[in-house]
1. Set the Förster distance to 51 Å, then compute FRET efficiency between residue 293 and residue 64 from the Cβ-Cβ distance, nearest 0.05.
2. From the Cα trace of the chain, what convex hull volume per residue do you get, rounded to a whole Å³?
3. In deg cm²/dmol and to the nearest 500, what is the mean residue ellipticity at 222 nm of the chain if only DSSP H runs of at least 4 residues count, each as -39500 (n - 2.57), divided by the residue total?
4. At q = 0.10 Å⁻¹, what is the base-10 log of I(q)/I(0) for the range 235-358 according to the Debye formula with one equal point scatterer per Cα and no solvent? Please give it to two decimals.
5. Would you kindly work out the equivalent ellipsoid of the range 112-158 from its C-alpha gyration tensor and give its semi-axes, the square roots of five times the eigenvalues, largest first in whole Å?
6. For labels at residue 163 and residue 49 in the simple 7 Å Cα→Cβ model, what's the distance in nm?
7. Between residue 122 and residue 182, what is the label-point separation in nm under the 7 Å Cα-to-beta-carbon projection?
8. May I ask for the Rg/Rh ratio of the range 110-234, computed from Cα atoms with Rh as the Kirkwood radius, given to two decimals?
Amino acid sequence: MLTKDAQRLRIGVLGAGPISQFAHLDATRKARNADLVAICDAAEDLLARMAAVHQPTRTYTDYAAMLADPEIDAVIIGVADQFHVALAQQALAAGKHVLVEKPLGVSVEECEALRASVATTQLVLQVGNNRRFDPGVAFARTFIHEQMGQVMALKAWYYDSFYRYTMTDNLQPIPQLSAQARRPAGNPKADKQRYFMLTHGSHLVDTARFLAGEIVQVQARFIQRFDAYGWFVAVDFASGALGHLDLIIPIQGDFEEGFQVFGEQGSVVARGYLPWYHKSSHVECFSARDRQYHRVLGEDSYTYKLQIEGFADAILHGKPQQGATVEDGVAAMRAMVAIARSVESGAPVQLAEVSGGV
């Protein structure tokens with residue numbers, strides 16, 4: 001039976017749209033060390049429906065009013081990518097810790113400005129790269145860092161499926177929409193090449209960095225056919241290891257994320273699943289030391305809940321951040337921009353040299 005810790009982080013969720021409905025609201029309620037104190041959304045009809053389901057202590061239609069609430073310690077920002085940085089900046093200025101959906105922002109410059117604000121305020125900012133809290137992925141990272149020795153190479157892939165919505169429609173609640181919802185200018189989803197990189201590429205890049213360290217250079221190729229988009233990216237890591245990242249959105253087949261890592265004293269192979277199944281990645285870690293394969297039992301794979309618990313532990317108890325930090329968010333943004341520049345030029349691109357957006 002679920003029990004709550006005595007000390008809990010008091011959270012306000014900004015945005016009552018799909019990602020909050022599918023993940024953040026329920027995950028905050030279930031987190032052992034957090035309470036859902038408030039929901040904020042400009043759409044009053046949507047706000048009322050979500051409040052009836054999730055029963056926060058209070059609701060707000062004005063973000064500034066929620067930030068002024070002394071009973072709220074932190075906010076989760078679950079709105080359009082184009083709003084992430086400005087809204088996170090407001091929260092930091094109000095003295096609130098922040099968990100912001102990935103990607104951190106939409107340009108290198110705005111992400112770096114946010115990093116400067118985090119450094120000034122000394123508040124916790126975590127980027128919502130929930131894959132870091134997949135028990136299989138976390139197990140693989142520990143194995144790589146503690147037992148594998150020197151890493152030679154990493155291969156990672158992310159394949160969305162033409163049939164994703166057959167699966168998600170069965171797994172997720174029916175999304176509640178509102179004509180009053182606040183949206184960015186234009187239609188950010190119209191440019192699919194850019195939208196897919198920000199939405200899905202942000203996961204792939206962060207997982208690669210989480211497992212193998214800093215990326216310093218990329219060389220990317222891109223193809224688009226029959227409404228499918230593919231990126232094939234050669235990667236140089238700061239450690240000297242080489243990598244390859246494949247991103248195809250979508251494929252005729254099952255959804256799949258995965259990676260292989262090859263090192264001095266072992267290797268790792270992993271396959272991930274659509275996250276809404278709340279199923280741990282299947283990971284096999286081979287150790288040359290005992291000539292055995294090792295794997296973890298994914299007892300809890302509700303990654304959205306686990307990321308909130310990690311976020312709360314960092315704030316309440318000063319534990320090291322398990323989730324993606326603002327530095328990770330900036331680095332991922334640089335990697336995605338570098339991939340876009342390399343696709344345009346056909347040449348290798350150093351991450352340190354890029355600017356602008358995808």
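1. Numbers: r = 54 Å, r/R0 = 1.05.
Between residue 293 and residue 64 the formula returns 0.45.
2. Values: hull volume 51.1 nm³, N = 358.
Convex hull of Cα atoms, per residue: 143 Å³.
3. Values: 11 runs with 117 residues, N = 358.
Computed mean residue ellipticity for the chain: -10000 deg cm²/dmol.
4. These q points yield log10 I(q)/I(0) values of -0.48.
5. On the way: eigenvalues 168, 38, 30 Å².
One finds semi-axes of 29, 14, 12 Å for the range 112-158.
6. So the two model labels end up 2.9 nm from each other.
7. Each label point lies 7 Å from its Cα, and together they span 3.1 nm.
8. Numbers: Rg = 18.2 Å, Rh = 18.2 Å.
With Rg and the Kirkwood Rh in hand, the quotient comes to 1.00.
Readers should treat all values here as calculations from the given coordinates under stated rules, not as data from a laboratory. Everything numeric in this text was worked out from a predicted model, so none of it was measured. Note: ideal-geometry Cβ built from the backbone for every residue, glycine included; neighbour counts use all protein chains shown.
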